[in-house]
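Note sheet for the following structure.
The values are calculated or read from the model by the stated rules, or taken from the named source; none is laboratory data. Keep in mind that this is a model prediction, so the values were computed, not measured. Neighbour counts are summed over all protein chains in view; Cβ atoms, including those assigned to glycine, are modelled from backbone coordinates with ideal geometry.
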Amino acid sequence: MSALDIRGLRKAFGGNVIIPDVTLELEQGLITSLVGPNGAGKTTLFNLITGFLRPDAGVVHYKGRDLVGLTPQKVTRRGIARSFQDLRLFNDMSVFENVLVGQESSLSLWGRKQHYENTEAVLERVGLSAQRDTRASELSYAERKFLNLARIMALDVDLFLLDEPASGLDGPSRQTFHALLRSLKAEGHTVLLIEHNLDIVREVSDRIAFLNKGEVMAFDTPDRIFADDTLTDLYFGTANRKKEASACSS
Ligand SMILES: Nc1ncnc2c1ncn2[C@@H]1O[C@H](COP(=O)(O)OP(=O)(O)OP(=O)(O)O)[C@@H](O)[C@H]1O
């Protein structure tokens, strides 16, 4: 069954066509990774799906209805939550408050007691119960990443769009992240993940969509994608240039 059905999506900024024509179908209950070189249009696609940007053309069908034209808040209410690369935490609030506020501002139909109980449960899941009263600004990098994840896992949604949730995590934290993704999947959630680390992509993905210059060049299982030299050359060529550039500038 299809969880999200994107047809003919197009977006240009000024005269610059960033997404010429994207068609992509996510299967319910699977983890799909969206990979591609820097600037391929991955985050733009997230913005188009979630109402942060309006496409010039195309449809985004979710549960049989088109999401195009809805505000981000309405998209969340339809059952889609997303995270951002830059962690949009409330630094002066506690860990608990960060999760609570996220739920309340999503206009959930739950009552306050349910929000409190849900917040406790989610913090337990991501391993932040002991830090529930700690200010977000005092958390370690990995803890902030997990708090970011907790904020959207607390929402009453079916589909999660995660923009580089594991970037910068070390080995043990990465295992925790994998376990969280597996638990979301076991609950029947659908996940679309933007991730640059191909080890993570290979380990967690059921499907990979390879985006290049705003077009889905390939959509397949990890084994088939990684066996395709054209795609790995395209990806690693760009990734290596990025690595060299950052080595030169540091
Ligand atoms: N609001 C905007 N106005 C103009 N150009 C934009 C805007 N948003 C994105 N772009 C351009 O669209 C292109 C795709 O950007 P996007 O952030 O979607 O790529 P990405 O695949 O997510 O890249 P990365 O992997 O580096 O995060 C880039 O050239 C970017 O400069």
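Collect the residues in the stretch 135-161 that are in a loop (DSSP other than H, G, I, E, B) and not polar (S, T, N, Q), keeping them in residue-number order.
139, 154, 155, 156, 157, 158
Can you name every residue in the stretch 164-197 that is free of Cβ contacts under 8 Å to residues at least 12 places away in the same chain and touching a His at 6+ places or on another chain (Cβ under 9 Å)?
The answer is none; no residue qualifies.
Regarding residue 17, is this residue more than 16 Å from the ligand (Cβ to nearest atom), part of a strand (DSSP E or B) and either modelled with pLDDT of 95 or more or β-branched (Val, Ile, Thr) (or both)?
When the stated conditions are applied, residue 17 does not pass them.
Taking the stretch 36-68, which residues are of a type in the set (A, V, I, L, M, F, W, C), crowded, with 18+ Cβ neighbours inside 10 Å, more than 9 Å from the ligand (Cβ to nearest atom) and in contact (Cβ under 8 Å) with a residue 40 or more places away in the chain?
Once the filter is applied, which keeps residues that are of a type in the set (A, V, I, L, M, F, W, C), crowded, with 18+ Cβ neighbours inside 10 Å, more than 9 Å from the ligand (Cβ to nearest atom) and in contact (Cβ under 8 Å) with a residue 40 or more places away in the chain, the stretch 36-68 yields 49, 60.
With the condition being modelled with pLDDT under 95, I'd like the strands (runs of 3 or more DSSP E) fully within the stretch 162-239 carrying at least 2 qualifying residues.
Numbers: elements: 190-194, 207-212, 215-220.
Hits in the stretch 162-239: 207-212, 215-220.
If only one of 155, 123 is at pLDDT 95 or above and buried (at least 19 other Cβ atoms within 10 Å of the Cβ), which one is it? Full working, then the answer.
Numbers: 155 fails: at pLDDT 95 or above.
None of the others qualify; the one that does is 123.
Taking only pairs six or more apart or across chains, which ones have beta-carbon atoms under 8 Å, a first residue in the stretch 209-222 that is on the phi > 0 side of the Ramachandran plot, and a second residue that is among the β-branched types (Val, Ile, Thr) and more than 15 Å from the ligand (Cβ to nearest atom)?
The qualifying pairs do not exist here.
Exactly one condition in (1) farther than 20 Å from residue 48 by Cα; (2) more than 18 Å from the chain's Cα centre (by Cα) is not met by residue 213; state its number.
Only one criterion in (1) farther than 20 Å from residue 48 by Cα; (2) more than 18 Å from the chain's Cα centre (by Cα) is unmet by residue 213, namely (1).
For the list (1) under 13 Å from residue 159 (Cβ atoms); (2) away from the ligand (no atom under 16 Å from the Cβ), I need the number of the one condition that residue 74 fails.
(1)
Can you pull out the residues in the stretch 155-199 that are of a type in the set (Gly, Ala, Ser) and within 20 Å of residue 36 (Cβ to Cβ)?
Within the stretch 155-199, 166, 167, 168 meet the criteria.
Tell me which helices (runs of 4 or more DSSP H) are completely within the stretch 37-132 and hold 2 or more residues being assigned by TED's automatic domain parsing to the domain that holds residue 175 and out of contact with any helix residue (DSSP H, G or I) (no Cβ under 8 Å at 6 or more places or on another chain), or say none if there are none.
Working: elements: 42-49, 72-78, 95-105, 112-126.
Qualifying helices (runs of 4 or more DSSP H): 42-49, 72-78.
Evaluate the stretch 106-120: report whether one residue or more is at pLDDT 90 or above and of a type outside the set (D, E, K, R).
Our first condition is that a residue be at pLDDT 90 or above; within the stretch 106-120, this holds for 119-120.
Subsequent filtering for residues that are of a type outside the set (D, E, K, R) retains 119.
Yes, because at least one residue in the stretch 106-120 is at pLDDT 90 or above and of a type outside the set (D, E, K, R).
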